[in-house]
Structure formats: structure tokens, C-alpha cells
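Data block below; observations after.
Read-outs throughout are calculated quantities, based only on the coordinates presented, and are distinct from any laboratory measurement. Bear in mind that the values here come from a model prediction, so they are computed numbers and not experimental data. Every residue, glycine among them, receives a Cβ derived from its backbone with ideal geometry; neighbour counts consider all protein chains shown.
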Amino acid sequence: MINDAIKSIVNQYIINVKKQGIPVQGAYIFGSYVKGTANKHSDIDVCIISKKFGLDRQKERVLLMNIRSDSDDLIEPHPFSPKDFSNPFDPLAFQIKKHGLMMM
């Protein structure tokens, strides 16, 4: 179970992403926090789904990383377009849908 402090950090991050003009169709927490294996060195893996994404995942990831503030610098963003996220052959999207916690 993910504690409320982590959920709050992620929810605030989603708000900050939206404030930058990025429409968010969905967001998930996944990885060690969902698995219950997080430690003090763990990042917070967050999938952000937006129709603005899908051209260059690396540039989109950098954009999302630059939106982080000091309070959410543990967030490791993973951008997806809705099309890419619905691709049944994308192994990361598959794992996020199967094991991730939907935040919106």
C-alpha cells in the first residue's frame, strides 16, 4: 500500500504538469512503491499520459523532469501518448496497467 505522503506528492506533481499546459489523460504510480519494495533511495515512478506526447519520449521525459519542484524531485516521470499506452505490445505500458496504481 502506498502511503498518503507519496500520493500527495504525486497528486501535486500532476497539478503542476497541468499548470504547464500539458493535458493529462491519465497518471499511474508504478515500480517499487507499488510493489512495496521502496527504500530511502527509491525514486517514485510516475506514468503521465497525454495527447501532447508521442513524438520524442526522451524530450518529453526531460520536459516532465523540469516540471518537478524540490518537494517532488524523487519523481521519475515516464511520458506516454494515449496510443502508445494502449499498445498491448509495449512491455512497460503493459506492466504499468497490470501492476500500477491509477491516480487519475
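Values as computed for the structure displayed
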item: Taking PHE89, PHE94, PHE53, PHE30 and counting other C-beta atoms within 10 Å, the order from fewest to most; result: PHE89, PHE94, PHE30, PHE53
item: J(HN,Hα) series, the range 86-95, from Karplus relation 6.51 cos²θ - 1.76 cosθ + 1.60, nearest Hz, glycine and proline x; result: 8, 5, x, 9, 8, x, 5, 4, 4, 5
item: Cβ-based exposure ranking for VAL62, VAL46, VAL24, VAL17, in which fewest neighbours within 10 Å come first; result: VAL62, VAL24, VAL17, VAL46
item: Which of LYS40, LYS19, LYS97, LYS51 has the fewest Cβ neighbours within 10 Å, and the rest in rising order; result: LYS40, LYS19, LYS51, LYS97
item: Debye equation applied to the C-alpha atoms of the chain, log10 I(q)/I(0) at 0.14, 0.17, 0.18, 0.22 Å⁻¹; result: -0.48, -0.72, -0.82, -1.24
item: Label-to-label distance, nm, for residues given as ASN39 and LYS83 (7 Å Cα→Cβ offset); result: 4.1
item: Antiparallel content of DSSP bridges confined to the range 2-100, in %, to 5; result: 45
item: For HIS78, residues with placed amide H under 5 Å, excluding near neighbours; result: VAL46, CYS47, ILE48
item: Shape of the range 1-59, Cα gyration tensor, a/c cut at 1.5; result: prolate
item: All aspartates and glutamates inside 18 Å of LYS40 as judged from Cα atoms, apart from same-chain residues fewer than 8 positions distant; result: ASP4, ASP70, ASP72, ASP73, GLU76
item: 222 nm mean residue ellipticity, helices alone, for the chain (DSSP H n ≥ 4; -39,500 (n - 2.57); rounded to 500); result: -12000 deg cm²/dmol
item: Computed lengthening from GLN58 to GLN20, 0.36 nm per intervening residue step minus Cα-Cα distance; result: 11.9 nm
